[in-house]
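Chemist: I have a structure here, written as structure tokens, and I will follow up with some questions on it.
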Amino acid sequence: MQLFTVIFLSFVAASVLVRLWLSQRQVNHIRAHYAQVPAAFADKITLEDHHRAADYSCANLRQGRITLAWETLWLLLWTIGGGINLIDQWWSGLEYGVLVTGIAVIFSLLLISSILDLPFSLYHTFVIEERFGFNQTTWKTWLLDLVKLALLVIALGTPLLAVILWLMDQAGANWWLYAWLVWMSFSLIMIWAYPAFIAPLFNKFSPLQDATLRTRIENLLRRCDFQSQGVFVVDGSRRSSHGNAYFTGFGRNKRIVFFDTLLESLSEDEVEAILAHELGHFKRNHIKKSLLLSGVISLAGFALLAWLMSSPWFYSSLGVATPSIHGALLLFMMVMPVFTYFVSPLFSALSRKHEFEADEFAHSNSNYKALISALVSLYRDNASTLTPDPIHSMFYDSHPPATIRIDHLETIAAGGSSG
């Protein structure tokens, strides 16, 4: 067994054990606080809602363990088990050329992996979400979404993949830099195009009709010097009763979007406060910072891939007999998450920092008590646990736990340090 094979298997084992340990910690922590609503929420959340959130969280954690075992098994079968090598040999034997063969191998694996993952998606949607009253998706909608997504991946992914594989094959030693420029350009185009051309393929977006609420929102946008293409309501209730709000796009193609479920459950003050929080992400340059960080990480990734691509041990250690550009790209995409898992707390911490900053902005530009009541409503309506395990939260939570987040807002209101 080669050295890198041992390293890879060690990281796989370590990441699986840590994930299982964190999952069990989360279950234990939630169950330990099952009998009583946290004091800060005792007058806002009923014991029944607290139990529902705990049960919902634990159900997702149980499915997560099974999914983890399944995905780990197939990761090993695809790599050191020789699965990628079998697909590669079959397509290579047809002698279609470098680009066609590379695209065919990668899409074949993506197709098979997607089919293997379908039972878990079905179970989550039609069993867990159904059991807790969230699912509004019909089988027809679910299937149509699946077909649309597949066609979208083919339509957008094929030319992108062809260009990157061509650069890897023909652009010389600096191919990774050119490929990175292509990738970043594609990412920016997708961010720009998503609200106007992609999202409407899956949902219906309608201009906000409530004149009073629209006036309040427009006043908030003027105060915050934020210009957008409009304020829209999306028919999220077609698929789920979960609620959310966000803004998407950039430049002149920015859109503010509210889920219809959110508008039905919140007051005008609360909606304005939630929007002020979302505007905080824009005004504090979180989108730009995230794009910059993504650009730096992807540049480093392409540079690392260029080095690995010329290393025969990279292929042989992971079950691929014949080095190829598509083999290098495919192996890199599959194994890198194993090695980067242990730095995920750093990205979660950055995301939580951004959430605190957005809350501070909302506090300065809206009614902070309305923001707190809106957050409580969202935690309740989305069955988000109020008692997460701190270490599990450190790894996975992009938003601060409810108690900490609300305490932060109360501290600011009392004139304390905003951290």
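Chemist: Treating the angle as unsigned and between 0 and 90°, give the value, to the nearest 10°, between the Cα long axis of helix 211-223 and the longest Cα principal axis of the chain.
Modeler: Helix 211-223 sits at roughly 70 degrees to that axis.
Chemist: How would region 182-273 be classified by its alpha-carbon gyration tensor: rounded, prolate or oblate, with rounded meaning a/c under 1.5 and the a/b versus b/c comparison settling the rest?
Modeler: The shape class here is oblate.
Chemist: log10 I(q)/I(0), Debye, Cα-only the chain, no solvent, q = 0.10 Å⁻¹?
Modeler: -0.84
Chemist: Please report the spacing between the Cα centers of region 336-389 and region 102-135 in Å, no decimals.
Modeler: Each part reduced to its Cα centre gives a spacing of 27 Å.
Chemist: Let me ask you something else. Compute the length gained on full extension between GLU130 and ILE189: take 0.36 nm times their separation in residues and subtract their Cα-Cα distance, giving the result in nm to one decimal.
Modeler: 17.7 nm
Chemist: Rounded, prolate or oblate, given the Cα gyration tensor of region 124-262, with a/c below 1.5 counting as rounded?
Modeler: oblate
Chemist: Separate question: Taking 0.36 nm per residue of separation and subtracting the Cα-Cα distance, what length does fully extending GLU48 through LEU110 add?
Modeler: 18.1 nm
Chemist: Right, another one. How big is the dipole moment of region 311-419 about its Cα centre under a simple scheme where the beta carbon of each Lys and Arg is +1, that of each Asp and Glu is -1, and everything else is neutral? Debye, nearest 20, please.
Modeler: 200 debye
Chemist: To the nearest 0.05, what FRET efficiency results for SER294 and SER364 with a Förster distance of 30 Å applied to their C-beta separation?
Modeler: Details: r = 28 Å, r/R0 = 0.93.
Efficiency at R0 = 30 Å is approximately 0.60.
Chemist: Say each of ILE154 and ALA349 gets a label point 7 Å from the Cα, pointing the same way as Cα to Cβ; how far apart are those two points in nm?
Modeler: In this crude spin-label approximation the distance works out to 4.5 nm.
Chemist: Now a separate question. Using alpha carbons only, how many degrees (0 to 90, rounded to 10) separate the axis of helix 368-381 from the longest principal axis of the chain?
Modeler: 60 degrees
Chemist: Just going by the charge dipole of the chain, with Lys and Arg at +1 and Asp and Glu at -1 on Cβ, which of TRP90, TRP307, TRP192 is farthest out on the positive end?
Modeler: Going by the Cα projections, it comes out as TRP307.
Chemist: Let me know the charge dipole size of the chain about its Cα centre in debye, to the nearest 20, where only the beta-carbon of Lys, Arg (+1) and Asp, Glu (-1) is charged. Could the numbers behind the result be given before it?
Modeler: Numbers: 29 positive and 32 negative charges, 75 e Å.
Once rounded to the nearest 20, the dipole reads 360 debye.
Chemist: Let me ask something else about it. Local charge sum around PRO200 (other residues, Cβ-Cβ under 14 Å, Lys/Arg +1, Asp/Glu -1)?
Modeler: +2
Chemist: In addition: In nm, give the distance between the simple-model label positions of LEU144 and THR215, each being 7 Å from the Cα along the Cα-to-Cβ direction.
Modeler: Result: 3.7 nm between the two label points.
Chemist: Name the shape class, rounded, prolate or oblate, that the alpha-carbon gyration tensor gives for region 1-139, where a ≥ b ≥ c are the square roots of its eigenvalues, rounded holds for a/c under 1.5, and otherwise prolate holds if a/b is larger than b/c and oblate otherwise.
Modeler: oblate
FYI, it's all coordinate maths here, none of it is from the lab. Being a predicted model, the structure only gives us computed values, none of them experimental. So basically every Cβ, Gly included, is an ideal-geometry build from the backbone, and we count neighbours across all protein chains shown.
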